[in-house]
Amino acid sequence: MSGQTVPADFSGHMLDLDEDEDLEVFSKNTSLADGSPMPNSPSSMVNQYRLEDEEEQQDTYTKDIFVSVDNPESHITAIETFIMYRVVTKTTRSEFDSSEYEVRRRYQDFLWLRSRLEENHPTLIVHPLPEKFVMKSMVERFNNDFIETRRKALHRFLNKISDHPILSCSEHFKVFLTAEELMSHRKQGPGFLSRMGETVRAVANSVRGLRSRPEEFTLMQEYVEDFSSKICSVDKVTQRIIKEQREYLDELKQYSPTYTQWAESEEELAEPLKGVASCVERCSKETEEQIQHLSEALVPALHEYVLCAETLKAVMRRRDNIQAEYEAKNEALASRKADQESLQDEVDGLADRVELANNALKVDWSRWQNSMRTDLRSAFISTSEKNVEYYEKRAVKGRPLLIEKCHLGRGKGARTPNLSVQLVQQVAINHLPKDKVFCKRIE
């Protein structure tokens, strides 16, 4: 991985699929023994890609530590209420005294781990945690949906760290997974004055600015800004789509009983009206499944990378601060000849730190991009596949039955439908999605 370089132009890499890989997946020879083409479904192509991707990952990395987060428990004290999660670790690493550990951690413990990883590895991309505060859509802070959403995010956070070749070897990560209690370890961190001094230096460096940022990191900065803007837009649009679909679903649930009640008062139109009610009810069910899939598959992936974009911005700022401090010391060395020897040591140390920071960020940048594209590609493909299934079910199941019901309502030997039947047919045409076969049968 260290031999990989940052592309000179990031403009063509924004949330796109790797063209060579996609051409390979979609151009496979999928013919049968007799030479006829084998139909490709979206799911078969997804599975083919996942299989190839898993094989490629197995060739390059053998995982030796597995972490899971489950079994949340609510704890109530005199001053606070919080949730404790069980963290189970299984590993074959020699630096661990046992092959399996089980501890309980609360959200603040996860915050401690992430802050320590960022302090010790300022230019590595530490995966984000879910927000500390309750989301707008949550009425109760500790209801089951909120707890489960947070549990999944915490589970993913620990697995991202366990997959990282450097962060997974951190002593703080080991302590988090193995120590029965973390209070004594949490007190060992830098004190308030030390953290305050770091903050002041970071602010001073940001105000001073950089004399010249290397071009490759300028391109990274532009990419991050562009990525953040686009992923935030996609996240907002997806949230708006789900909101509109929920409103549409509420209307559908009111729509079906209306036709059922109408059928009870119209004996001649009972069959076609019940047919419309049945079709609307099926559309309601499919729409509900579609909303659930979007909420569980696409929304978490998008929101996760909205947070990742903010993490990347923080990493870039920390890298710039290291370089700014190096430039300041270098300038001081040139102006103060008397203290040249002591300053020279500081300058040399900062030069090494800048080089290490740059190399670490370049390697982790390439790794993060591959992970991001894999995650978002999987979420988008899964959503597309569900959309195809959703509209196929609505189109195929609803229309033939509805039209047969409508024709039954016309009566034998009738040349033209009566006004009520025409009304039902027109409502069906306007309500259900169109296709050529359906419209032809209506005519």
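The values are calculated or read from the model by the stated rules, or taken from the named source; none is laboratory data. Note that the coordinates shown come from a computational prediction; the quantities given were computed from them, not determined experimentally. Backbone-built Cβ (ideal geometry, glycine too); neighbour counts: all protein chains shown. All accessible areas refer to the heavy atoms of the entire protein, side chains included, with ligands and DNA or RNA removed. Shrake-Rupley method; radii C 1.70, N 1.55, O 1.52, S 1.80 Å.
Listing for the model above:
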read-out	value
Cβ-Cβ FRET estimate between Gln239 and Asp348, R0 fixed at 35 Å, reported to 0.05	0.10
Ranking by accessible area, most exposed first, for Arg282, Arg246 with a 1.4 Å probe	Arg246, Arg282
Flagged links, alpha-carbon separation over 23 Å, of Lys132/Lys236; Lys132/Lys160; Lys63/Lys230; Lys160/Lys362; Lys152/Lys285; Lys253/Lys274	Lys63/Lys230; Lys152/Lys285
Listed peptides 270-281, 90-101 by packing density, highest first (mean Cβ within 10 Å)	270-281, 90-101
For segment 387-393, 3J(HN,Hα) per residue [Karplus equation, 6.51 cos²θ - 1.76 cosθ + 1.60, θ = phi - 60°, Hz, x = Gly/Pro]	4, 4, 4, 4, 6, 5, 5
Contact order relative to length of segment 249-398, as percent, for alpha carbon pairs under 8 angstrom and 6 or more apart	30 percent
For segment 209-352: accessible area per residue (Å², 1.4 Å)	53 Å²
